[in-house]
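Worksheet for the structure shown next.
The values are calculated or read from the model by the stated rules, or taken from the named source; none is laboratory data. None of the values given here were measured: they were computed from a predicted structure. Every residue, glycine as well, gets a Cβ built from its backbone with ideal geometry; the counts of neighbours run over all protein chains shown. Accessible surface areas use protein heavy atoms only, side chains included; no ligands, DNA or RNA. Shrake-Rupley method; radii C 1.70, N 1.55, O 1.52, S 1.80 Å.
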Amino acid sequence: MEAEARNILERAAESSFPPLHAVHHLLSVGVCVRCILRLLGAYSSACSYACLTASVLHSFLEEHDESIKGGSCPCLSMNDAYCSVCLGVLLPTFHRDEGLETPNGISHIDNMSSVISQAVHGESYQVDEFSLEISLPPVIAANERAVRLYMKQKYGNENWFKDKMFAQQTMSVKEALRLLIAPSLEKLMNAKHGNNSFRIRLTYTHGDASQKLHSLLPNEHSRKRKPDSRKGGDASNEAHKRNSADGNPIQTSESDSFIYKSLEGIQDQEFCNAFQLPPEKVFKPCHLLISCLRSPTYLGGRYLKLSRNVSQSCWIIDDERMGEASVEIIGENVRAICRGDSCKFHAAGREDIDVRMLGSGRPFLVEVLNVRSIPSETEVQQIEERINNSEKKYVIVRNLKLVDNEIWTMMREGEAEKQYTALIWTSRDLTDDDLHNISIMKEMEIVQKTPIRVLHRRSPLERKRIIHWMEIEKITGSSNYYLLHLCTQAGTYIKEFVHGDLGRTHPSNTTILIGLVPLCLLQHRSHNRVQS
């Protein structure tokens, strides 16, 4: 391993190393070997080798530079310090709530990978592929800039120094960390690293360093940062300190975003006046929070609602639940099998609590968030059977399956137009002319105010809808009962169109045929679906 490390350093020295005394100076001011390689743009993949250490680099420099030989060297007496640029992220060493993570007979890299792997397995995630998301405190970016400007001040007038040696395009800490731990993590988890729906997020924070960075920002930036800053700088600093300490991802993200923008707005000369060059040595590593998140998993199918006392979504009025249950019980059954954090139920349209959904059913989609395991075909079948065999036959599910890109196509099936059949009663017999007048009406526009029955919970709006066509069918053996078949634009209030809702829907079937009174809604057909 030592021979391999020396070979890496030989290749790096040949490609882009400056004079070795300058490399040694970076090491002596507390920059770790990996950050040195990053900043010099030297053989970038070398950052991923576990065998590279400060002592190996120092030994290499001693062999190749006479001025470094002999005597005690400050770069070897910093065993208690962490990199003044990456704060130990690339060692990698870190602090967690359980305490400082240190290797126990294994390399720092393997220890890091082991901790991450344990966090994933502790949540019982099923993982075939994963991606790494890394969040770093902005103080690391400030430290890196401080080192660049320090080297420019110290060596900028020398012939060998060029700004491109410290170009902004060099490998970032995030990229280096991914190169460093991904191979080891792949072996431990027996999973492939790449772009995938399962993400492992590493959130690094450093309360002390971030607090100091915030205090160094120019006042005009601090005043814009948070409303609390109007109470004074101390209040603003305390808010930042709380965010860093609590590790709240949303608060920390917002705070860090502001600081990054503030740093970008500071000119080099202003930066040099405000910040210490080079950055001071650090004796406390970052705090690491490991979290896992899987992109939403979708299961879709069709549901039939058999009860007239089951709402589509959970319906609560004055803390009292309406109906016996809701169709969303489908989602809860799916979530339990997938072991997700939560779920959302989506349906192609809706029906009232007292209306059944029969026929082949209504398309629906269950969106399950952060599932621990992707259900197999067998498990999906078990979910369907579990719902359909429940003691109380509220809902039946058909054609349940895992879906991906087809989900929205399936949902749109019920969005364009829908066909209904209503059982109606009229106070007089309808003539052939009445039936004809109904049948010739095509693409009729109506205006519907929010129905009285839902006015207590919906905004009082006017909605324009289209009645594409209508037909009336006389029921054999009855003089006043008819079936009204109609095809409408999605979102039409059918009951209100039939009876007029005291004039709130105009025109309505009642105004077309005076004396037409609805008895009940019998059926709703949407393609091959039937709502009763």
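Ordering HIS468, MET444, HIS456 by Cα displacement along the dipole of region 423-479 toward the positive end leaves HIS456 in first place; charges were set at the Cβ atoms of Lys, Arg (+1) and Asp, Glu (-1).
Over region 297-414, Cα pairs under 8 Å with separation of 6+ residues give a relative contact order of 40 percent. Among MET444, MET357, the order of accessible area from largest down is MET444, MET357, computed with a 1.4 Å probe on protein heavy atoms.
Solvent exposure of region 418-526 amounts to 51 Å² per residue of accessible area, where only protein heavy atoms count and the probe is 1.4 Å.
To the nearest 10, the accessible area of ARG335 is 60 Å² with a 1.4 Å probe.
Rounded to the nearest 10 Å², what accessible area does LYS152 have for a 1.4 Å probe in the complete protein model? Solvent-accessible area, nearest 10 Å²: 90 Å².
Per-residue surface analysis assigns VAL327 an accessible area of about 0 Å², computed on protein heavy atoms at 1.4 Å probe radius. Note on region 418-526: with neighbouring protein chains present and a 1.4 Å probe, carbon and sulfur make up 55 percent of its accessible heavy-atom surface. Using a probe radius of 1.4 angstrom, the carbon and sulfur fraction of the accessible surface of region 297-414 is 44%. Between ILE440 and LEU461, the FRET efficiency from the beta-carbon distance, with R0 = 30 Å, is close to 0.50.
Across every pair of non-identical alpha carbons in region 418-526, the mean reciprocal distance, once inverted, gives a Kirkwood radius of 14.1 Å.
Solvent exposure of region 297-414 amounts to 49 Å² per residue of accessible area, where only protein heavy atoms count and the probe is 1.4 Å.
Relative to its residue count, region 297-414 spans a Cα convex hull of 103 Å³ per residue. Evaluated with a Cβ-only charge set (Lys, Arg +1; Asp, Glu -1), region 418-526 carries a dipole of roughly 700 debye about its Cα centre, given to the nearest 20.
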